[in-house]
1. Show the residue pairs meeting these rules: Cβ distance below 6 Å; 6+ apart or different chains; first residue within the stretch 1-28 and outside any helix (DSSP H, G or I); second residue exposed (fewer than 15 other Cβ atoms within 10 Å of the Cβ).
2. If we keep just the residues of the stretch 29-43 that are surrounded by fewer than 10 Cβ atoms within 10 Å (Cβ to Cβ) and not in a helix (DSSP H, G or I), which is modelled with the lowest pLDDT?
3. Could you list, ordered by first residue, the pairs with Cβ atoms under 8 Å in which the first is in the stretch 66-86 and at pLDDT 75 or above and of a type in the set (D, E, K, R) and the second is surrounded by 14 or more Cβ atoms within 10 Å (Cβ to Cβ) and outside any helix (DSSP H, G or I), at least 6 apart or interchain?
4. Quickly run through the stretch 52-88 and pick out the residues that are in contact with a helix residue (DSSP H, G or I) (Cβ under 8 Å, 6 or more places away or on another chain) and closer than 30 Å to Leu22 by Cα.
5. Quick check on the stretch 44-76: of everything there that is hydroxyl-bearing (Ser, Thr, Tyr) and more than 12 Å from Pro92 (Cβ to Cβ), which residue is surrounded by the fewest Cβ atoms within 10 Å (Cβ to Cβ)?
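The values are calculated or read from the model by the stated rules, or taken from the named source; none is laboratory data. Just so we're clear, the structure is a prediction, and the values are computed from it rather than from any experiment. When we count neighbours, we look across all protein chains shown, and the Cβ atoms used for this are built from the backbone with ideal geometry, even at glycine.
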Amino acid sequence: MYTGLQHLHSGVAYLVLLALALVIIYALIGSLGGREFTEKDRKIAMIAFILSHIQLLAGLILYFVSPLGFTLLTGGGAMSDPAARLTALEHPLINIVAII
C-alpha cells in the first residue's frame, strides 16, 4: 500500500501541474482576448481543483504512514538535519498552505 501511495502521489503531481498550466493558459487567453468565462473553463478549473486536493490527501496519508514523515518530528533531531526538516516539516507545511 505504501509504495502504491507513493506512486499515486508522484503521478498526480504531474497531472496537477498540467491542469494548473491549462487553467492559467485559458485564463490568460480569456482575459487578454476579452472572452467570457465558459463551461469549458469551469470544468478545467474544477479538474485542477480536484486533482490538487487528491494530491494533498495522498500526501497527508503518506506523511502519517511513512517511516520518514511524522516520526522524524517525534525523534527531536529533525530540525538540525536539513533533509529531515524538509521531509518532516517544510514540504508538508508549504503544500498544505498552497492548496488551502
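1. none
2. Gly34
3. Hits for this filter: Arg85/Ala78.
4. The answer is Ser52, His53, Ile54, Gln55, Leu56, Ala58, Gly59, Leu60, Ile61, Leu62, Tyr63, Thr87.
5. Filtering first and then ranking leaves Thr74.
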